[in-house]
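Written below as structure tokens is the structure these notes are about.
The values are calculated or read from the model by the stated rules, or taken from the named source; none is laboratory data. The model shown is predicted, which means the values in this text are computed figures rather than measured ones. Here the Cβ positions follow ideal geometry from the backbone for every residue, glycine too, while neighbour counts run over all protein chains shown.
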Amino acid sequence: MPKALILLADGTEEMEFTITYDTLVRAGVSCASAYVPAEGDTDGGFSNPPAARGSRGINILPDMYFSPQECTPDHFDLLVIPGGAKGAETISSSSPVQHLVREFLNEGKFVGMICAGSLAAKTSGLPKQPLTSHPSVKSHLEDDFEYSEEPVVVSGQLVTSRGPGTTFPFALTLVELLCGAEKRREVAGPMVFPPGTFA
């Protein structure tokens, strides 16, 4: 069974987190969410992570704290970095996360970034390649990458997408890469997308 690690921080965009998590679970992917605290925050002596307050004020309870020792590519097949301006800033500026992004790609594992989460491609020092993001962070990325405005861009093991409205095709693309085209169709069918949409 494929396994996915989905990062989460205060300010994460709720749709990008929940739709991706839910869609992967529907495909039989074992998912875990890991809370990335802002710089200077501590766990307060507690082993369980706090609820992350999303970009729209919705609280999401992570499965665990982000641990560079436990969140490695030998435990997971996919790393997902959602957007949301504040959450993406926290996640993309974390040096352990940056190291993890490079480690996943070097090990031939998949990395998904959506919306402002694509900033992690730059902060992680990834080489120039096709990429997309939310329009609000385009100016931070277009000089360092082959910027595209397609809803989902696949560049080798790196998958990027634009925002809340493209989360379903983003998540279904991850399903296809991990589980195959037939599984993508199997998952998309019961979701009942309108004819002509992205499923």
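Data for the structure
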item	result
Some residue of the stretch 114-124 being touching a residue at least 60 places away in the same chain (Cβ under 8 Å), surrounded by fewer than 23 Cβ atoms within 10 Å (Cβ to Cβ), of a type outside the set (D, E, K, R) and not in a loop (DSSP other than H, G, I, E, B)	no
Among residues of the stretch 126-135, those that are in a loop (DSSP other than H, G, I, E, B) and out of contact with any Lys or Arg (no Cβ under 7 Å at 6 or more places or on another chain), counted	4
Filtered residue count, the stretch 146-184, keeping only those that are assigned to a strand (DSSP E or B) and closer than 24 Å to Glu107 by Cα	9
The lone exception for Glu39 - which of (1) modelled with pLDDT of 95 or more; (2) closer than 25 Å to Ser133 by Cβ it fails	(1)
Top-ranked residue of the stretch 125-146 - restricted to ones that are surrounded by fewer than 17 Cβ atoms within 10 Å (Cβ to Cβ) and in contact with a strand residue (DSSP E or B) (Cβ under 7 Å, 6 or more places away or on another chain), ranked as nearest to Ser93 (Cα to Cα)	Lys138
Where Arg53 falls short, out of the listed (1) under 24 Å from Ser136 (Cα atoms); (2) in contact with a helix residue (DSSP H, G or I) (Cβ under 8 Å, 6 or more places away or on another chain); (3) of a type in the set (Lys, Arg)	(2)
Failed condition for Lys138, given (1) at pLDDT 95 or above; (2) assigned to a loop (DSSP other than H, G, I, E, B)	(2)
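Rundown of residues vs (1) under 22 Å from Pro169 (Cβ atoms); (2) more than 14 Å from the chain's Cα centre (by Cα); (3) without any contact (Cβ under 8 Å) to a residue 12 or more places away in the chain, yes/no style:
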site	(1), (2), (3)
Arg26	yes, yes, no
Val29	yes, yes, no
Pro49	no, yes, no
Arg53	no, yes, no
Gly57	no, yes, yes
Lys86	no, yes, no
Ser93	no, yes, no
Leu100	no, no, no
